[in-house]
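Novice: Before I ask anything, let me first share the structure, which is written out below as structure tokens.
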Amino acid sequence: MDGRATGFSGCNQLMGAYFADVSSIKIGPLSMTRKACLQSMDQENAITTALETATTWKIIGEHLELYDDEGKTLARFQAIYLE
């Protein structure tokens, strides 16, 4: 499936293209707003690097896990259900 990814990285909004199939994923390149936030820039850099580096993914229970091409876990996101 091809689509558009959008999100919030802790300081800035991000957007970009993605492609995913049963187990592989390609996200990016990502575009971002350019706010300077003193307290969340490390988190933001880690999130964007994980998204752009991910090559495979799995859903395990309520979590989406992203992995690099060596199988190392890059990020783990938890589902949040809003009412």
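The values are calculated or read from the model by the stated rules, or taken from the named source; none is laboratory data. Quantities reported herein were computed from a predicted structural model and do not represent experimental measurements. All Cβ positions, glycine included, derive from the backbone under ideal geometry; neighbour counts span all protein chains shown.
Novice: Name every residue in the stretch 26-59 that is aliphatic (A, V, I, L, M) and either over 15 Å from D69 (Cβ atoms) or surrounded by fewer than 16 Cβ atoms within 10 Å (Cβ to Cβ) (or both), in order of residue number.
Specialist: Within the stretch 26-59, L30, M32, A36, L38, M41, A46, I47, I59 qualify.
Novice: Here's a follow-up. Condition first: modelled with pLDDT under 90 and among the charged types (D, E, K, R). Now tell me which residues in the stretch 31-70 satisfy that.
Specialist: Correct list: R34, K35, D42, E44.
Novice: Right, another one. Which ones in the stretch 8-24 are outside any loop (DSSP other than H, G, I, E, B) and buried (at least 16 other Cβ atoms within 10 Å of the Cβ)?
Specialist: Of everything in the stretch 8-24, those that are outside any loop (DSSP other than H, G, I, E, B) and buried (at least 16 other Cβ atoms within 10 Å of the Cβ) turn out to be L14, G16, Y18, A20.
Novice: Can you list residue pairs whose Cβ atoms sit under 7 Å apart, with the first residue in the stretch 47-76 being more than 17 Å from F19 (Cβ to Cβ) and of a type in the set (S, T, Y) and the second being modelled with pLDDT under 95 and assigned to a strand (DSSP E or B)? Count only pairs 6 or more apart in sequence or on different chains.
Specialist: Going by the 7 Å Cβ cut-off, the qualifying pairs are T48/L14; T48/L30.
Novice: A further question on this structure: Could you tell me how many of the residues in the stretch 30-70 are within 17 Å of R4 (Cα to Cα) and assigned to a loop (DSSP other than H, G, I, E, B)?
Specialist: 3
Novice: Give the stretch 44-70 a look and list any residue that's hydrophobic (A, V, I, L, M, F, W, C) and either closer than 19 Å to S9 by Cβ or in contact with a Phe, Trp or Tyr (Cβ under 6 Å, 6 or more places away or on another chain) (or both), or say none.
Specialist: A46, I47, A50, L51, A54, W57, L64, L66
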